[in-house]
């Protein structure tokens with residue numbers, strides 16, 4: 001079974017540019033999560049999709065971030081325009097059933113974003 | 001005060017040593033307590049999770065939760081060089097209709113042959 005995949009693995013952009021990150025969850029997983037780790041800080045929750053619907057986007061930093069999950073399959077996270085403080089590692093995770101007891105969240109390898 | 005505190009280390013031990021990793025937390029609403037292992041350039045991988053106070057053992061790994069003290073630990077027995085990684089504690093909480101994970105900063109562990 002293929003794991004969670006993320007693309008690109010690295011991205012270096014200039015301040016003010018736009019970047020789109022993609023996450024392909026494990027097939028059959030309805031729940032998809034985005035997390036971010038800023039250098040020196042802990043991994044923090046950004047948002048949660050159940051199929052194509054946003055269940056919780058309370059962790060999104062501001063309106064420069066837009067997440068979509070068309071058709072309930074892969075998800076994209078767009079940052080427009082990017083700022084220096086957006087640099088970090090963006091992780092995607094997916095799970096079949098909501099709830100740790102039933103199914104764990106499986107993490108992808110992350111996308112390392114550097115905004116210059 | 002951060003919801004989850006974890007000493008970032010780094011921690012360096014000889015092969016065969018017993019390793020103790022710890023986290024404290026402040027939110028009584030946390031439900032599940034997890035330990036993730038993260039190798040360099042990889043995503044976090046779930047090692048163990050527990051729900052109640054007490055110990056849970058899986059091979060060389062033991063997870064311990066003390067809810068009264070808001071303290072969790074991971075013990076690694078007979079540590080191996082392959083255990084070298086960053087270990088993250090994480091706790092689940094239901095907020096805003098969603099179950100989300102709250103992570104510690106992670107402790108970088110090096111096991112020297």
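If you go through region A:93-116 and keep only what is assigned to a strand (DSSP E or B), closer than 15 Å to residue A:4 by Cα and either facing another protein chain (nearest Cβ under 10 Å) or modelled with pLDDT of 95 or more (or both), you end up with A:93, A:95, A:106, A:107, A:111.
Only a single criterion out of (1) more than 10 Å from chain A (Cβ to nearest Cβ); (2) within 29 Å of residue A:89 (Cα to Cα); (3) without any contact (Cβ under 8 Å) to a residue 60 or more places away in the chain is not satisfied by residue B:44, namely (1). Each residue in region B:47-84 was checked for being part of a loop (DSSP other than H, G, I, E, B), surrounded by 13 or more Cβ atoms within 10 Å (Cβ to Cβ) and within 14 Å of chain A (Cβ to nearest Cβ), and 1 of them qualify. Considering only residues in region B:85-108 that are surrounded by 17 or more Cβ atoms within 10 Å (Cβ to Cβ) and in a loop (DSSP other than H, G, I, E, B), the one that is farthest from the chain's Cα centre (by Cα) turns out to be B:105. Mind listing whichever residues of region B:85-107 are more than 8 Å from every other protein chain (Cβ to nearest Cβ) and farther than 17 Å from residue B:72 by Cα? Correct list: B:85, B:94. For region A:50-59, the condition holds for at least one residue, the condition being that it is within 20 Å of residue B:31 (Cα to Cα), in a strand (DSSP E or B), within 14 Å of chain B (Cβ to nearest Cβ) and at pLDDT below 95.
The values are calculated or read from the model by the stated rules, or taken from the named source; none is laboratory data. Everything quoted here is computed from the prediction, not taken from an experiment. Neighbour counts are summed over all protein chains in view; Cβ atoms, including those assigned to glycine, are modelled from backbone coordinates with ideal geometry.
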